[in-house]
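Right, one structure below, let's go through it.
No value in this document is a laboratory result; all are computed from the given coordinates. None of the values given here were measured: they were computed from a predicted structure. We place every Cβ from the backbone using ideal geometry, glycine too, and count neighbours over all the protein chains shown.
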Amino acid sequence: MKQPDGIKYGKGLFETIKIKNSKLEYFEDHIQRLKNSMEFLKICSDGIEKDIEFEIQKLDLNIDGAVRIMVLENFEKYILYVETRLTDYTDEKFQSGLKLKLVKQIRDKNNFLNNHKTNNYLLNHEVLAKAKSDGYDEVVFLNQDRNVTEGSYTNLFFIKDCMVVTPPVEDGLLPGIYRKNLIKKFDEENIQYEIRHIPFEEVENFDACICTNSLMEKRFVESIDDIKFIKTEYTERILKL
């Protein structure tokens, strides 16, 4: 029996959306990213938003967790999975800050799949599992130019004095939904920021580092390998946005 590419090659996408007060945060942004990526990968998206909303109505959103949406290519259509899962991103767990590990695996800036949230997350999963077994909370990927890109499940922001710096998507990273909305807040609050290449050799010159994703939002980074960061007054301001 002929199998679709969603089964043969794992051709598909997913979104994980935070549940807050029984509502889905940044729902429209997540769905738009999903639809854009489906179009890019030539997966039919006709009716996807309606189908997702129908499946969500069946779920209990009175939990501290998230809704995970997964789409698999299925010839002329798609297979849709929607489920909830619990999360553990409590402030107590990350009170002292996250410990990140620089890994040798490279994010190829020419790999267009880096810019889409595909189901091909096995590398991220395995690299993170190894880092956690070594006592770390997250990893840092560089690209072939030795520029900082992202973590396995987070985007990265660095702070020097009153300037926030984050890598461009073109360096080989996922355009995170929380990243996008945090940058919007920077504009609203007149926070100075730059989106530019960050050579890893520059990282030690920053005062602070913050990692973000839609579920845990913002978290202070205590260290990347032997590089230590401090939670400055300005960093506290960014964390409170």
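Which of rounded, prolate, oblate describes the range 12-70, given a ≥ b ≥ c as roots of the alpha-carbon gyration tensor eigenvalues and a/c under 1.5 marking rounded, otherwise prolate only if a/b is larger than b/c?
Numbers: a/c = 2.50, a/b = 1.88, b/c = 1.33.
In terms of gyration-tensor shape, prolate.
Could you list the square roots of 5 times each eigenvalue of the Cα gyration tensor of the range 93-164, that is, the equivalent ellipsoid semi-axes, sorted largest first and rounded to whole Å? Each step should come with its number before you reach the end.
Details: eigenvalues 83, 64, 26 Å².
Result for the range 93-164: semi-axes of 20, 18, 11 Å.
What list of whole percents do you get for P(r) of the range 1-116, with Cα-Cα distances grouped in 5 Å bins up to the one holding the largest distance?
Once binned at 5 Å, the Cα pair distances of the range 1-116 give 2, 10, 17, 18, 16, 16, 12, 7, 2, 0, 0.
Find how much the distance from Ala129 to Lys23 grows on full extension, using 0.36 nm per residue of separation minus their present alpha carbon separation; answer in nm with one decimal. Write out the running numbers ahead of the final one.
Values: separation 106, 0.36 × 106 = 38.16 nm, distance 3.05 nm.
Extra length available between Ala129 and Lys23 comes to 35.1 nm.
Largest first and to the nearest Å, give the Cα extent of the range 171-213 along each principal axis.
The principal-axis extents, from largest down, are 30, 23, 16 Å.
Restricting attention to the range 40-138, which trypsin sites (Lys or Arg not before Pro) occupy a DSSP loop and are surrounded by at most 14 other Cβ atoms within 10 Å?
Here the trypsin sites (Lys or Arg not before Pro) that fit, given the DSSP loop and packing criteria, are Lys42, Lys58, Lys93.
Once label points are set 7 Å from the Cα along Cα→Cβ at both Lys228 and Ile7, what is their separation, rounded to one decimal in nm?
Taking the two extended label points, one gets 5.5 nm.
Highest mean first, what order results for 148-154, 231-237 on Cβ atoms within 10 Å? Write out the running numbers ahead of the final one.
On the way: 148-154: 24.3, 231-237: 14.4.
Highest mean packing first, the order is 148-154, 231-237.
Label the range 143-186 by shape, choosing from rounded, prolate and oblate, from the square roots a ≥ b ≥ c of the eigenvalues of the Cα gyration tensor; if a/c is under 1.5 it is rounded, and otherwise prolate applies when a/b is larger than b/c, oblate when it is not. Don't skip to the answer; put the middle values down first.
Values: a/c = 2.11, a/b = 1.25, b/c = 1.68.
Judged from the Cα gyration tensor, the range 143-186 comes out oblate (a/c at least 1.5, b/c at or above a/b).
Of Phe158, Phe75, Phe229, which has the largest mean-square fluctuation in a 10 Å C-alpha GNM of the chain?
Maximum fluctuation in the GNM of the chain, among the listed residues, is at Phe75.
Give me the mean projected area, in nm² to one decimal, of the convex hull enclosing the Cα positions of the range 113-226.
Details: hull surface 28.8 nm².
It is 7.2 nm².
Hey, what did the chain get for relative contact order, percent, Cα under 8 Å, at least 6 apart?
Values: 438 pairs, mean separation 44.2, N = 241.
Worked out over the chain, it gives 18 percent.
Tell me, what HN-Hα J-couplings in whole Hz come from the Karplus equation 6.51 cos²θ - 1.76 cosθ + 1.60 at θ = phi - 60° for each residue of the range 188-198, using x for Gly and Pro?
5, 9, 6, 7, 6, 8, 10, 10, 7, 4, 10
Helix 27-40 sits at what angle to the longest principal axis of the chain, using alpha carbons and giving 0 to 90 degrees rounded to 10?
In the chain, helix 27-40 runs at an angle near 70 degrees to the longest axis.
Once you've got the Cα coordinates, tell me which of Lys184/Lys228; Lys160/Lys231; Lys42/Lys184 are over 19 Å apart.
On the way: Lys184/Lys228 28 Å; Lys160/Lys231 11 Å; Lys42/Lys184 30 Å.
Violating the 19 Å Cα-Cα cut-off are Lys184/Lys228; Lys42/Lys184.
Eigenvalues of the Cα gyration tensor times 5, then square-rooted: what semi-axes does that give for the chain, in whole angstrom, largest first? Show your work: numbers first, answer last.
Numbers: eigenvalues 192, 87, 58 Å².
Calculated on Cα positions only, the semi-axes equal 31, 21, 17 Å.
Using Cα positions and a limit of under 17 Å, work out the aspartates and glutamates in reach of Lys185, with same-chain residues fewer than 8 apart set aside.
Partners found: Glu25, Asp29, Glu194, Glu217, Glu236.
Under 28 Å between alpha carbons: how many lysine pairs meet that in the range 64-120, if sequence neighbours fewer than 8 apart on the same chain are excluded?
So the count of such lysine pairs works out to 10.
Using a cut-off of 18 Å between alpha-carbon atoms, which lysines can reach Lys20, once sequence neighbours fewer than 8 places away in the same chain are excluded?
Output for Lys20: Lys58, Lys218, Lys240.
Give a residue-ordered list of calculated ³J(HN,Hα) values for the range 48-57 (Karplus: 6.51 cos²θ - 1.76 cosθ + 1.60, θ = phi - 60°; whole Hz; x for Gly, Pro).
5, 5, 5, 5, 5, 4, 5, 5, 5, 4
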